[in-house]
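To keep things clear, I will list the structure first and then write my remarks on it.
The values are calculated or read from the model by the stated rules, or taken from the named source; none is laboratory data. None of the values given here were measured: they were computed from a predicted structure. Glycine gets a Cβ as well: all are built from the backbone with ideal geometry, and neighbour counts include every protein chain shown. Just so you know, the surface numbers come from the protein's heavy atoms only, side chains and all, with ligands and any DNA or RNA stripped out. Shrake-Rupley method; radii C 1.70, N 1.55, O 1.52, S 1.80 Å.
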Amino acid sequence: MVNNLEINEFLKHFNYNSYNINQIGYEKSTILYIYEYLKKLDLSEELITTIINNIAYYKYSELNIPLYLELLSRSLCFINTYDLSDVVKIVKEIHDIYYENAREIPLEEYIHDTEESRLKKVFLDRNNKYLIKVFADNQYVNELKFAAALILDKKDYKEFLSYIDEFKSNKDHYSPLVIFKKYLEVRNSLKGITKLFWDIYYGNEYVVAFTKNNLKISTIYKNDSPVINESKEEKGEFIQLDLFTYQDYEDNQIKLPENLKVFQISSLYAKDQLPEVDTEKELLAYYNNFLNSHEIINLPKLKTPTNPNYVFEIN
């Protein structure tokens, strides 16, 4: 719980008069709820201030705050590799893909909910189905298609991109667990913030799939801060957030707590931990076996003439 001293200290430096009635920063209670949520993650005051100063300029009509916070909080470890300005920008663009079909959740309810419940309410509809995503005019789709065309065969390419081009028509067959494996084949052909965009998007869908099926992903993946192939040219540089032409915000080196209290999407790319199975049923059976045994077991291999069975049973 945030104490009154911390709240009062934060309020001294936040100017509500800089915002108009349509902007998030105008509403004191909203800012305090956001502050409370970020503080619960053990983020530094500097990082909290940076995040809030960017959220505050958005209009209520263009930001679903729980959706944005859920994406951002799970993407923070990417600032070990990318500039914070890029991470914040990409998170908003991914937010926009979900925005049209996302539920409106009261902010107070969201920040006091459990991690698993928040994920389900934000990224699943009331029938526990995956949200329909809208990729219209998304600038990163063509680069994904080009990379997929280089790596995947015709059948896999068609299936992989069908959930981008025509998600609504194909949603009944959608399995983020399977699609994530295809993305891992493609991702090394992507570069820069395009790679960041798809890493966050596909990683988030993978995390949601675990929660949808009542599996605890942090039991399988260590919640760490890996370096994701690329690295910043300089560490500890000043980071200029220039997402809004009417405000520049300068912050010293951005530091994260050693153990963030929310699972990080970047942890999924630390190493190859996926079993060599190709259907959602098999993947769910493997992960249930893993979680129920509470033991480290070898990843299952594909069937071979000499080994016709998986290392676990499929009912």
**Asked** Roughly how many Å² of His112 are accessible to a 1.4 Å probe, to the nearest 10?
**Response** 100 Å²
**Item:** Evaluated over segment 1-115, the Cα radius of gyration and Dmax, each in Å
**Value:** 13.7, 39
**Item:** Interchain or long-range residues, amide H under 5 Å from Leu131's placed H
**Value:** Asp125
**Asked** What ranking of Asp199, Asp125, Asp137 comes out by heavy-atom accessible area, probe 1.4 Å, highest first?
**Response** Asp137, Asp125, Asp199
**Request:** Within segment 33-53, find all residues whose amide N lies under 14 Å from a label point positioned 7 Å from the Cα of Glu27 along Cα-to-beta-carbon.
**Result:** 33-35
**Message:** How large is the accessible surface of Lys129 in square angstrom, using a 1.4 angstrom probe and rounding to the nearest 10?
**Reply:** 120 Å²
**Asked** How far, in nm, would the chain grow between Lys191 and Leu150 when pulled straight, counting 0.36 nm per residue and subtracting the alpha carbon separation?
**Response** 13.3 nm
**Contour excess over end-to-end distance, with Cα ends at Asn223 and Ala136 and 0.36 nm allotted per residue** = 28.1 nm
**Prompt:** Ignoring ligands, DNA and RNA, what percent of the accessible area of segment 1-118 is carbon or sulfur (1.4 Å)?
**Reply:** 47 percent
**Message:** Can you report the principal axis dimensions of segment 80-147 using only the alpha carbons, biggest first, rounded to whole angstrom?
**Reply:** 39, 29, 17
**Complete:** For the pair His13 and Lys261, the simple spin-label estimate (label points 7 Å beyond Cα toward Cβ) gives in nm 2.0 nm
**Message:** Report, in listed order, any pair from Lys129/Lys222; Lys145/Lys181; Lys59/Lys89; Lys89/Lys154 with a Cα-Cα distance greater than 25 Å.
**Reply:** Lys129/Lys222; Lys89/Lys154
**Prompt:** When the Karplus curve 6.51 cos²θ - 1.76 cosθ + 1.60 is applied with θ = phi - 60°, which whole-Hz ³J(HN,Hα) does each residue of segment 174-188 get, with x for Gly and Pro?
**Reply:** 6, 9, x, 5, 6, 5, 4, 4, 5, 5, 4, 6, 8, 4, 5
**Asked** On full extension of the chain, what length is gained from Asn4 through Thr114, given 0.36 nm per residue of separation minus the C-alpha to C-alpha distance?
**Response** 37.3 nm
